[in-house]
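Every read-out reported here was derived from the displayed coordinates using simple, explicitly stated rules and does not represent laboratory data. Keep in mind that what you see is a predicted model, and the values were worked out from it rather than measured. FYI the Cβ positions are ideal-geometry reconstructions off the backbone, even for glycines, and counts take in every protein chain you see.
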Amino acid sequence: MLNRYFHIEENGTSIRTEMLAGLTTFLTMAYIIFLQPAILSSDFAGNPTGLDYGAVLLATCLISAVTTIFMGLYARYPIALAPGMGENFIFVSVIMTLSSQGVPNAWQTALGIIFISGLIFLLLSILRVREAIINAVSPSLRNGIAVGIGLFIAFIGLKNGGIIVAKPGTLVGLNSNLICPETAVFATGLLVAGGLQARHIRGSILWGILASAILALCMGELKYNGIIGLPVIKESAFLKMDLQSAFSMTCLPFILLFVFMDMFDTVGTLVGVAEQAGFMKDNKLPRASRVLVVDAAGTVAGACMGTSTITSYIESSAGVAYGGRTGLTSVTTGLLFLVALLFSPLIGTISGYPPVTACALVIVGAIMMKNAERIDWDDYSESIPAFLVAIGIPLTFSIADGLAMGFISYPIIKIISGKARKTNWLMYLVAVMLLIYILFIRFHTN
């Protein structure tokens, strides 16, 4: 039955290979189970966002399982999905921005933004008009966003690891007290994960987290909560979206941003995995629309469950490298996310101590820096806005503000350089909305 449905023999693979490939993909991306609850439950300053840790953990595992299994059964590709790294930090940045404007229950409005962006993406996927959105933001600007988020993630990782601290004279600097448990735990995880990553060992980030956790446990820094058990939820996030507040001019730039990010992440992952596995036929991917529909539906469902944008994971390439070629790989990965729910106390123990997961943020940030080579540095009308985004995100400690620097400057520089007609009209629209937001909404309310 499995062979007939997934065409296993036709793809030159076997049930055993497919299941082991699914396990490989899961081990490679399992770090999101530890990071997502920690990221969404507290902001960049360590203050509660309003989202409950246990609720986010439950939502992360459930939506990752459901969407990945759906991908395997419907699109029949070995592509796994989960809350996107980068999008989750933007989500927290939106919560902080809305909170600073006095919006009550900002996390509920942020979930409403995710829900609406998911519906838009779903509609675009069904109508097959994704090309207009993909072409709206130039490759250089897209990759500048990825670089900026990578730097930002790594910066937060170094901060959580006790390496970088606030210093009045220079804003930030190296911690003068590096001989402490926090830095020892962080350094252990970073060296283990970095070394294994360099050796192309599957699940290197996860092994780095586990190495940090073991050392922290031996040093008495972890509060042991047990191993087996389901998440403890103090406040449910299910269907808590505030759609009324999300439908506003204040939130419109964020809605468009999440649509862009989800579209680009999905297409980039889709092309990368498809090329690696040899799925492309006549420069086109069969059933591509199904992949986009699953991805968009996952974002809508994820917002209902209480988590940020769901996207296809490039870590799926690890399972493809092992030999996964069919949807059975994705089904296996999805089932393992459900199994992970049974180990919620262990996950809470590990992710409850920031230095343990800090190494993962730095490694993910380093991986995202690879996007810098895809920026067109010879065309200054492309590279300068991309650079402003990349440097603006970590220096303003705000993804939204960094994006505004690049998106507002992009069409202006294009006009001055005589390339106005080569710029997509959507970029002018987004720039105007962001400029109005920055000048008359954000800082006015602050």
Review point. If a helix is a whole DSSP H run, which ones in the chain reach 27 Å or further along their own axis (Cα) and hold a mean Kyte-Doolittle hydropathy of at least 1.6?
Key: 106-127
Check your understanding: What does the convex hull of the alpha-carbon atoms of the chain project to on average, in nm²?
Key -> 21.9
Review point. 222 nm [θ] for the chain, helices only, -39500 (n - 2.57) per DSSP H run of 4+, per residue, to 500?
Key: -21000 deg cm²/dmol
Revision key, fill the gap. Here the FRET efficiency for Leu243 versus Ile179, based on Cβ atoms and R0 = 41 Å and rounded to 0.05, is 0.20
Practice item. Quick one: which residues, 5 or more positions from Ala82 or on another chain, have an amide H under 5 Å from its amide H? H modelled 1.01 Å from N in the peptide plane, none for Pro or chain starts. Key: Thr311, Tyr313
Practice item. Assuming 0.890 mPa s and 25 °C, estimate D for segment 357-446 with Stokes-Einstein, Rh taken as the Kirkwood radius over Cα pairs, in µm²/s. Key: 170
Practice item. Can you put Ser236, Ser138 in order of Cβ neighbours within 10 angstrom, beginning with the fewest? Key: Ser236, Ser138
Check your understanding: For segment 256-389, what percent of Cα pairs sit more than 18 Å apart?
Key -> 70
Point to revise | Per-residue Cβ neighbour rank within 10 angstrom, fewest leading, Thr329, Thr49, Thr67 | key: Thr49, Thr67, Thr329
Check your understanding: How large is Rg/Rh for segment 75-139, to two decimals, with Cα atoms and a Kirkwood Rh?
Key -> 1.06
